[in-house]
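The values are calculated or read from the model by the stated rules, or taken from the named source; none is laboratory data. Everything numeric here is computed off the predicted structure, so don't read it as measured data. A quick note on method: Cβ atoms are made from the backbone with ideal geometry, for glycine too, and the neighbour counts reach across all protein chains shown. The protein model used for the area step is the full one, side chains on, heavy atoms only, and it has no ligands, DNA or RNA in it. Shrake-Rupley method; radii C 1.70, N 1.55, O 1.52, S 1.80 Å.
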Amino acid sequence: LYVLRNGQSQIKNNDGVGLSVDSIVVALSDSFVTSSATPVKISMIKTTVVAGFAVPKTISGTQTTAGDTVIFLLTDRLDTTSEDGFYTISVAVSDVMGNAKTHVINFNFDRTPPVTKFTYPALNGVTFNTNISIAGSAVEDMSGVKQVNIVIDTGFGFISDTAVVDPYSKEFTYFLKLSTFGVGPDSPVRIGTEGTDTAGNREIVTDTIIVF
């Protein structure tokens, strides 16, 4: 059983999916029976939590079959942050010998980038020297944080470097040594954070500090 998004990239169980989804393509195979499996039923459910209770919603679509390939075309494609959530694809299939099985794949649809911010130093215009330890936090509710970049505006261009992210607390640290980037003392440098989640959503740099 292979489940693909838009007939292109495979969706694995518990994946974070950040690209639009307009159809689910299922390729069927049987090691013992060469004829097409029949019947096949594809269903898709979105589960949200309301007041502490899981509330399922059936995602409507149209199912078509071409040989051993079954396509479930969604009535409304997933392409905005309003569709963010936990989805379950169920494929109920049986072969001509009567062997039946239901395959289930879960995935998070996620179009919302993580939010990162500095926790140290404070954003208060304090002057620092050219060596400084930076700390911050990342918030990502759906897919998980893949990485946090420190974006450095030297005044002559932008330099990006990767911070160290704790996989449990989602806090990040970075040691800044401006001389490494060819920036001399008393030169104002604006530093920002840019988070990326495992679904591929990238944050726009907003939280910045200035060091000297």
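Points worth noting:
- Listed values (1) 8, 32, 35, 21, 4, 0; (2) 8, 27, 26, 18, 12, 7, 2, 0; (3) 8, 27, 22, 17, 13, 9, 4, 1, entry calculated as P(r) over Cα pairs in 10 Å bins from 0, in percent: (3)
- Among SER82, PHE172, ASN99 the positive-end extreme of the charge dipole of the chain (Cβ point charges): ASN99
- The stretch 162-212: C-alpha pair distances exceeding 12 Å, %: 73 percent
- Listed residue (ALA138, GLY182, PHE158) projecting farthest to the positive dipole end of the stretch 135-182, Cβ model: GLY182
- Area accessible to solvent at LYS41, 1.4 Å probe radius, in Å²: 130 Å²
- For the chain: lysine pairs under 26 Å (alpha-carbon distance), excluding those fewer than 8 apart on one chain: 17
- Of all DSSP beta bridges in the chain, antiparallel share, percent nearest 5: 95 percent
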